[in-house]
1. In segment A:79-87, is there at least one residue being of a type in the set (A, V, I, L, M, F, W, C) and out of contact with any helix residue (DSSP H, G or I) (no Cβ under 6 Å at 6 or more places or on another chain)?
2. Taking into account only those residues within segment B:146-162 that are closer than 17 Å to B:V134 by Cα and surrounded by fewer than 24 Cβ atoms within 10 Å (Cβ to Cβ), which is nearest to the other protein chains (Cβ to nearest Cβ)?
3. Go through segment A:119-136 and give me each residue that's free of Cβ contacts under 8 Å to residues at least 40 places away in the same chain and of a type in the set (S, T, Y).
4. What do you reckon, is B:S89 away from chain A (no Cβ under 13 Å) and touching a Gly at 6+ places or on another chain (Cβ under 7 Å)?
5. Quick check on B:P35: is it modelled with pLDDT under 80 and surrounded by 12 or more Cβ atoms within 10 Å (Cβ to Cβ)?
6. Answer with yes or no whether A:V36 is modelled with pLDDT of 80 or more and surrounded by 15 or more Cβ atoms within 10 Å (Cβ to Cβ).
7. Only one of B:I267, B:I261, B:I244 is within 10 Å of chain A (Cβ to nearest Cβ) and among the β-branched types (V, I, T); which?
8. Report every pair of residues separated by at least 6 positions or lying on different chains whose Cβ atoms are under 8 Å apart, first residue within segment B:300-312 and within 11 Å of A:I145 (Cβ to Cβ), second among the basic types (K, R).
Amino acid sequence: MATQTLTRPALRGTSATHLRQPRKKMTAGRAAVLAVAAILAVLWLIPFAWATVTAFKSETDAAAPKVSWIPPSGFTADAFIKVFQDGNIPLWTWNSLYTSAAITAITLAISALVAYALSRIDFRGKKVLMTVIIASIIIPPPVLIIPLFYQMVALHMIDTSWAIILPQVIHPAMVFVLKKFFDQIPRELEEAAVMDGASRMRIFTQIVLPLSRPILAAVAIFVFIGAWNNFLWPFISTNDGSILTLPVGLQTIKSAYGIQYAQNMASALLAALPLILVFLFFQRQIIKGVATTGLAGT
Amino acid sequence: MSSLATSESAEQAPSLPGQLRSNPSRKRPSGTGRPNASQSCPRRTRDNLNGWGFAAPFLAFFLVFLVWPLLYGVYMSLTGKSLTGANDSLIGLANYAEALADADMWHSLGNTLYFTVISTVPLVLVALVMAALVNVGLPAQWLWRLSYFAPYLLASTVVSLFFSWMYNPQLGLINDSLAKIGLPKVAWLNDPNVAMWAIVIATLWWTVGFNFLLYLAAMQNIPAQHYEAASLDGAGAWRQFFSITLPQLTPTTVMIVLLQILASLKIFDQVYQMTAGGPAGSTRPVVQYIFETGFTGYRLGYSAAISYIFFGLIVAVSVMQFFITRRRSA
């Protein structure tokens, strides 16, 4: 039931598309549509393809003035081996993974709790709280970098993972997304538990949360992608090479490797790989999740 | 923490029932009859405690890492604070006055607005075209979604590395392709007249998939009957697109345009990584100017002042969004 309510703003499966438009013959019009879609797809895949080809070239071939898709001296994995030997990419991947996971976990926990209160509990000051949270959606993160940096210096958190994690767990728009979902869960489901004298926390963890898995997954996906790829704040709050996240670390590579194009591309591809792999396995959930939370704003 | 104080004062409510009931909006329990009143008071207290208790963890982060820096930033913007710790004293609105007379500030703000205008149009139109193509019911749905959306999963640095390499004037794929079809080479990131467009192309490739997904979701929610009725009336595919799909998508389009404007106004990553604001400051956005005055120029107070001028711009757009979307839903 909960899944049904979720699909309202999200994508339905491809089967629905086919039901609506009964299978047509390959007319000229459809061929044209297919052609345009294919051209766009090729254009959109070329940067990946070109980066991959470059990464598997020797540095000499990569920097050769004659641009080639098939290198004269053959393909080689040298660039990847060099990048791995440097050891930075695995370290930065780990840093990105645990900071993003921590951000996602904390965001989910604190947002779901406050969203439940806003949806179900009748407490004094609720309207004010709600208004403040909604209003805060418009605050753009770049506005906060200067005071937040100063604050982090005062808290002695600069160059620690805390500096990366803590300011990124506040997602007012996601609180609102969760609240709207909780609003749709029938209250009757909770009433029996209330009669039995169950505490709010028990009702929340044992009745509401299990029913909310789809929306929790959607919010988690949205927050995780955002945290994984965030550049500005981690870039400002960390300098120490050992705690850099992937996006920030890559920026330092650009200057370190300079004109070693194969190694640049190998690093970029290795950095892109984790999320692309996750996407290949969980395509439906991710697309659904992004479409559900997307319109709520960033 | 101050929020918890309110719940504690509410906790004393049972001993002061009269005062509690003086709150006009809360007459409900007393109206239903005396016998319930003794029960409803502790219940209300419990609700207050539970409510603020559930809100407390979020509120703690919210106050410390959002509200406080936001307010402290205002204070900083009124001081001569610098990273070197030189001048901490209040100097009133001097930073704002200086910013408004600062040609570099206006230039970077202009760059941000220019980018927003020339990026929003393709980011919305191409997304619409992609969604319309896929929505016709092409085979291999996953392939189109994967190709168009995958770049959105990349970090800005990855995108910048990809495109800096393709834009390379001598060795780059793009100039090589141009030369093959007999077109002149372009100094993509090194030509002040072209650099911003090069950034827009990279941004289009990177983030159009997000708008594409939103459009696709909206298109798949248009009731099938609309199309059935139209095709019975003999309306062709083009006709159906312009007289059914597009009008039905209007609310989605408004939302996507506004969200895109807000996103584009925050442009920083790609520019900083690909051109560092150059050549000759021709691509430097206002967020980079804030960053540079604060961390390269060490002028935190001045930098904070520019932040709030930028914030004013965002608020103006958001307020516009609020009124447009409210009018639509009303």
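The values are calculated or read from the model by the stated rules, or taken from the named source; none is laboratory data. Everything numeric in this text was worked out from a predicted model, so none of it was measured. Cβ atoms come from the backbone with ideal geometry, glycine included; neighbour counts cover every protein chain shown.
1. Looking for residues that are of a type in the set (A, V, I, L, M, F, W, C) and out of contact with any helix residue (DSSP H, G or I) (no Cβ under 6 Å at 6 or more places or on another chain), one finds at least one in segment A:79-87, hence yes.
2. Across segment B:146-162, the extreme among qualifying residues is B:S147.
3. A:T131, A:S136 - these are the residues of segment A:119-136 that are free of Cβ contacts under 8 Å to residues at least 40 places away in the same chain and of a type in the set (S, T, Y).
4. yes
5. So B:P35 fails the test.
6. no
7. B:I267
8. Short answer, once both residue conditions are applied: B:L300/B:K81; B:A304/B:K81.
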